[in-house]
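Colleague: To start, I am sharing the structure in question, which I have written as C-alpha cells.
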Amino acid sequence: MNTEIVQFDLHDPRNRRVAAEIVDLLLFYKTGVGKLRDIVTKMRSVVETYCTFTYPGFFDSDDTLSGIVEKIRNSGEQHPACALLDELDDIHNYSWDHCRDDAPDSDAAEPIDVIELTGYVRRTLKIVKAIPN
C-alpha cells in the first residue's frame, strides 16, 4: 500500500462541507440521529469528494458517483481505485432510489430502512477512513 501526502485546504468551502457531512454520518452511525434522506445524500457527497480528492488525475471535481463508478469500471484493474469499485457501486445503487432529484421527498420515493442505511453509512465511513476497518 502506498501513501501519498497531499495538501488539504480547510478553508475551502467544499472541504468544510464534506468534513461536516462526515461528522453527520458519524453521528447517525453512532446514535441514529439525522434525517434519513439527508444521510443518503451525504453518503454520496462524501464518497464523491473522497474519490475526486484522493485520485485527482483520474476524476474531475464535478464527477458524480455514477460517473466515478463508470470511469473505474471502464479502466479496469489498472485504475488505482479499482479495489473500491464494488463498494462504490453498491453505495451508488442503494442510494440512487433514495436521493433522485425527481422524487426525493414524495410518496413515490423508496422507503428507507434504518438498519440497512446504517450498514451503508458504515461502509461509506470505512471507505473514507473515518472509522477503522
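Colleague: I'm checking a number: the convex hull volume of the Cα atoms of segment 13-127, normalised per residue, in Å³. What is it?
Modeller: Numbers: hull volume 11.7 nm³, N = 115.
With only Cα atoms used, segment 13-127 gives 101 Å³ per residue.
Colleague: So if I place +1 on the C-beta of Lys and Arg and -1 on the C-beta of Asp and Glu, and nothing else carries charge, what would the dipole magnitude of segment 32-133 be about its Cα centre? I want it in debye, nearest 20.
Modeller: 520 debye
Colleague: Among the lysines, select those whose C-alpha is under 18 Å from the C-alpha of residue 30, and discard any that sit fewer than 8 residues away in the same chain.
Modeller: 42, 126, 129
Colleague: Quick one: what are the phi-derived ³J(HN,Hα) couplings along segment 37-53, Karplus 6.51/-1.76/1.60 with θ = phi - 60°, whole Hz, x for glycine and proline?
Modeller: After applying 6.51 cos²θ - 1.76 cosθ + 1.60, I find 5, 5, 5, 4, 4, 5, 4, 4, 4, 5, 6, 4, 5, 4, 5, 5, 7 Hz.
Colleague: Right, next: Provide the per-residue ³J(HN,Hα) series for segment 71-80, in order, calculated from phi with Karplus coefficients 6.51, -1.76, 1.60 and θ = phi - 60°, each as a whole number of Hz, with x at glycine and proline positions.
Modeller: Calculated HN-Hα couplings, in order: 5, 5, 4, 5, 7, x, 5, 6, 6, x Hz.
Colleague: Then there's this: Just to be sure I understand the model, the point goes 7 Å from the Cα along the line to the Cβ. What's the resulting residue 31 to residue 19 distance in nm?
Modeller: 2.0 nm
Read-outs: derived from the displayed coordinates by stated rules, not from any lab. Being a predicted model, the structure only gives us computed values, none of them experimental. All Cβ positions, glycine included, derive from the backbone under ideal geometry; neighbour counts span all protein chains shown.
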